[in-house]
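All remarks here apply to the structure that follows.
Every number here is computed from the coordinates shown, using simple stated rules; none is lab data. Bear in mind that the values here come from a model prediction, so they are computed numbers and not experimental data. We place every Cβ from the backbone using ideal geometry, glycine too, and count neighbours over all the protein chains shown.
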Amino acid sequence: MDGNLQALNALLAVFSFVLGSLIGSFLNVCVYRLPRGLSVVKPRSKCPKCDNPIAWYDNIPVVSWLVLGAKCRQCGQPISWQYPLVEAITGVLFLLVFWRFGLVIATPIYMLLSAALVLVTFVDLTDWTIPDEVTLPGIPVGIATSVLFMLYPKSGLAVMGPFELPVFNSLLGAVVGGGVLYALDKGALLLLKKPGMGFGDVKLNAMLGAFFGLYGAILIIVIAAFIGSFVGILMILAGKRQPAPGGPSDEAGEEPADPPAPGHYLPFGPYLALAGIIVMLAGPAIIDYYFNTLLAPPSL
Ligand SMILES: [Zn+2]
């Protein structure tokens, strides 16, 4: 690669991380305000402890938290590590998307999707809900990307499924992706007499199915279940049970959320979101390996 191109790529990579961390800063606002039905635009960010507005120089992603020593400049109360964590994760995801796809149509679309999945994850972890504000518009946006994929096969987008037309794979992905989780939920209710997942997970996986097609939707459920079991085993080994019914911990330093409805839900959203990121970055390679290596007739 020639030197100028390398320098440009390095610059764009840094730009991707900075852009992601700035979006992450906005996601922190959304994580707090969306479940409370507050506007994510107004008013300006203020310290949840002392209500003083936060100056721009105290609101620089990750950096300000480190410079301030995790304390509010005005009142000295601790600022949760969740803020820089969300900013850093979003920055890294934007960087990964740029590194994986480069300068194609898929890059801004998958950056936005990554941001949506970070938001879903942290709202689910702190509030035990999955915001409809993300998943409901996400379904038609996912279907729209399949149309883009159809028009621009070299866009970097991947909508995987058995049909020639990507839009069919996308529609089938949304229906089957959501439908399987809905059936699992109803099955758990019938067999275990308690709800397995929330309807929010159904809508989230319908959205992911719309983005990645039928094969993507199924792959996401398999990967999410695998990661979920792995984390479950780790928690048992660490002597912790699944979060007790009674609400999430208030590690974010906010008021404890209301306890969830009787017969609590397992927060499955973060696993679906993580699986969605994996499929976004490596889905076509995994599907290709499955069909062409695992299912290929043995060569003699
Ligand atoms: Zn303060």
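A Förster distance of 30 Å, applied to the separation of the beta-carbon atoms of M150 and A10, puts the FRET efficiency at 0.35.
Pick from P140, P78, P35: which is most flexible by mean-square fluctuation in a GNM of the chain where alpha carbon atoms under 10 Å apart are linked? Taking springs between Cα atoms under 10 Å, the residue moving most is P78.
Remark on the chain: Rg and Dmax equal 20.6, 73 Å (Cα only). Set the Förster radius R0 to 30 Å, insert the Cβ-Cβ distance between A282 and L190 as r into 1/(1 + (r/R0)^6), and round the FRET efficiency to 0.05. Step by step, r from the Cβ atoms, then E = 0.30.
Mean residue ellipticity at 222 nm from the helices of the chain, using -39,500 (n - 2.57) per DSSP H segment of n ≥ 4 over the full residue count, to the nearest 500 deg cm²/dmol?
On the way: 8 runs with 184 residues, N = 300.
My calculation for the chain gives -21500 deg cm²/dmol from helical runs alone.
Peptides 226-239, 20-33 ranked from most to least packed give 20-33, 226-239, packing being the mean of other C-beta atoms within 10 angstrom over each peptide's residues. Estimated from the Cβ-Cβ distance and a Förster radius of 41 angstrom, the FRET efficiency linking V18 and I236 is about 0.55. Centroid-to-centroid, using Cα positions, region 116-139 and region 37-80 are 23 Å apart.
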